[in-house]
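The values are calculated or read from the model by the stated rules, or taken from the named source; none is laboratory data. Everything numeric in this text was worked out from a predicted model, so none of it was measured. Cβ sites come from the backbone with ideal geometry, for glycine too, and all protein chains shown count toward neighbours. Remember, those area values only see protein heavy atoms, side chains included, never the ligands or the DNA or RNA. Shrake-Rupley method; radii C 1.70, N 1.55, O 1.52, S 1.80 Å.
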Amino acid sequence: MSAKLRGNESPTMDAVRLRRVNRRLAQDLSGQLADLYVDSRETSPGEAYRRPGRRHFLNRLASDIRRPGFAMVIAETDRLMGCAFGFPLRSDGVWWLECYGALPHSIEQLTESGSVFAITDILVRPHPQDQDVARRLQERLLTDQQAALGATVVDRADRPTLTALRSWGWLDLGEVWRPISATVLRVLVLPVGRPTAARLEGLAHDAWTRWPG
């Protein structure tokens with residue numbers, strides 16, 4: 001039985017439940033997920049970066065839902081508190097190669113073995129334990145997919161998201177240029193378990209000799 005919240009009381013970690021959802025339910029929840037996207041980080045008036053709007057998120061979500069292997073985990077109390085979703089990378093490495101060119105050998109091996117999962121978004125409604133919920137979401141999503149490595153890209157100008165991901169354990173590999181959108185992106189990875197972390201040791205300190213633009 002879930003705990004009921006009173007007034008402005010914040011949900012405790014025990015009250016936040018994680019649940020996997022399938023494609024159909026993700027589609028049914030699209031409106032609530034878009035609300036979560038908007039609420040997950042309210043941009044302050046003085047902040048230079050403006051995240052793409054609700055429509056952009058819905059289009060991206062619809063595109064991801066159609067991808068093979070799409071997976072989503074949601075966090076909830078008496079309402080939706082967070083979500084993480086994405087898709088497994090193909091073993092041929094086309095997701096990497098279309099954007100980034102040559103791969104570091106360790107990441108190439110993990111990709112060829114089907115052990116890399118791309119996380120499109122981690123969204124958490126602001127509350128005192130939002131970082132703990134975010135960590136639980138990313139861990140559950142990657143563990144359920146038996147992934148050894150999470151991967152994502154973030155607009156270089158989106159400093160709040162980059163700061164959050166780094167605080168949740170993501171390693172920053174450097175910058176890449178995406179000509180089609182004239183955007184500079186930062187590439188981040190999240191190793192799952194000590195063996196993967198050991199294989200990636202040093203990558204974040206030597207990104208630019210490994211990631212040609």
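Things to note:
- Test: residue in the range 59-75 that is touching a Pro at 6+ places or on another chain (Cβ under 8 Å) and either modelled with pLDDT under 80 or open to solvent by 50 Å² or more (accessible area, probe 1.4 Å) (or both): yes
- Between ILE107, ILE122, the distinction of being closer than 20 Å to ARG20 by Cα and either of a type in the set (Phe, Trp, Tyr) or surrounded by 19 or more Cβ atoms within 10 Å (Cβ to Cβ) (or both) belongs to ILE122 only.
- Filtered by the rule that a residue be of a type in the set (Val, Ile, Thr) and open to solvent by less than 10 Å² (accessible area, probe 1.4 Å), the range 125-151 gives a lone residue, VAL133.
- Pair list, Cβ under 7 Å, 6 or more apart: the range 52-79 residue farther than 14 Å from LEU123 by Cα, other residue surrounded by fewer than 12 Cβ atoms within 10 Å (Cβ to Cβ): ASP78/LYS4
- Here the range 153-172 is the region considered, the condition is being touching a residue at least 60 places away in the same chain (Cβ under 8 Å) and not in a helix (DSSP H, G or I), and the residue that is least open to solvent (accessible area, probe 1.4 Å) is ASP158.
- Qualifying residue in the range 23-40 (condition: farther than 12 Å from CYS83 by Cβ, modelled with pLDDT under 85 and either open to solvent by less than 100 Å² (accessible area, probe 1.4 Å) or part of a loop (DSSP other than H, G, I, E, B) (or both)): no
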